[in-house]
Amino acid sequence: MAGKIVYLGWGSLIWNPGNLPIDPSLWQQSNLKLPLEFSRISDKGRGRMTLVIDDINGKNNNIWINYCLEPNVNKAINYLKLREQTSKNNIAYINLRTRKYRIPNTSLHIIKKLVQWATKSGVEVIIWTDLKSNWKQIRGMEYNIRDAFDYYESAQHETQIDIMDYVKKATTIAQINTKFSGQFSKYSKL
């Protein structure tokens, strides 16, 4: 699959890719490991907790990849932007062919890891959703497990169901294991 555009995934993209130009049955777990945690709150602080790359709180997990069927890099990026319902500034990419990139939130040491992995794997373009933790902005404190449980317990019932569903799918379908999901599985008997 050399010379291909690859999407990286670790959450709902795997079980709900929307209109991404991929074969949804071809997600594969890679040997690329990135630190992930449920340290972002969606919907401007009223929604479910979501997985993001988190250098501080994250636990290393194998990242999933899927080869993009769209050969145009800009169109491939736009598909992910539309699927994520976000601005293009939240969609990161590294194009090893042209040496162009946009990486709004991922740290330098992870970028180096991504480039090394892509080079060894024969991948020419990597595209991923590059949101960061917004815990401090929303909750007024740095992310921690106790406050994550406090957020869950104080959330509206529908949000609690969304959080439970997302964590369950992330752990069972995507095989993602974070500090929060490990504790949450015991807490909620997932």
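Quick check on my filter: what residues within segment 117-165 are of a type in the set (Val, Ile, Thr) and surrounded by 14 or more Cβ atoms within 10 Å (Cβ to Cβ)?
First, the residues of segment 117-165 that are of a type in the set (Val, Ile, Thr): 119, 123, 125-127, 129, 138, 145, 159, 161, 163.
Within segment 117-165, Val123, Val125, Ile126, Ile127, Thr129, Ile138, Ile145, Thr159, Ile163 meet the criteria.
Selection within segment 42-86: residues that are within 13 Å of the chain's Cα centre (by Cα) and of a type in the set (A, V, I, L, M). The member of this set that is nearest to Thr106 (Cα to Cα) is Ile53. Residue count for segment 1-14, restricted to those that are modelled with pLDDT of 95 or more, outside any loop (DSSP other than H, G, I, E, B) and either touching an Asp or Glu at 6+ places or on another chain (Cβ under 9 Å) or farther than 12 Å from Asn66 by Cβ (or both): 4. If you go through segment 30-45 and keep only what is surrounded by 11 or more Cβ atoms within 10 Å (Cβ to Cβ) and assigned to a strand (DSSP E or B), you end up with Ser30, Leu32, Lys33, Leu34, Pro35, Leu36, Glu37, Phe38, Ser39, Arg40, Ile41. Got at least one residue in segment 18-29 being part of a loop (DSSP other than H, G, I, E, B), surrounded by fewer than 21 Cβ atoms within 10 Å (Cβ to Cβ) and at positive phi? Yes, there is a match, as at least one residue in segment 18-29 is part of a loop (DSSP other than H, G, I, E, B), surrounded by fewer than 21 Cβ atoms within 10 Å (Cβ to Cβ) and at positive phi. The number of residues in segment 97-116 being surrounded by 15 or more Cβ atoms within 10 Å (Cβ to Cβ) and part of a loop (DSSP other than H, G, I, E, B) comes to 3. Within segment 62-72, the presence of at least one residue that is modelled with pLDDT of 95 or more, aromatic (Phe, Trp, Tyr) and assigned to a strand (DSSP E or B) is confirmed.
The values are calculated or read from the model by the stated rules, or taken from the named source; none is laboratory data. What you see is a predicted model, and the numbers here were worked out from it, not measured in a lab. Because the Cβ atoms are built from the backbone with ideal geometry, glycine has one as well, and the counts that use them run over all protein chains shown.
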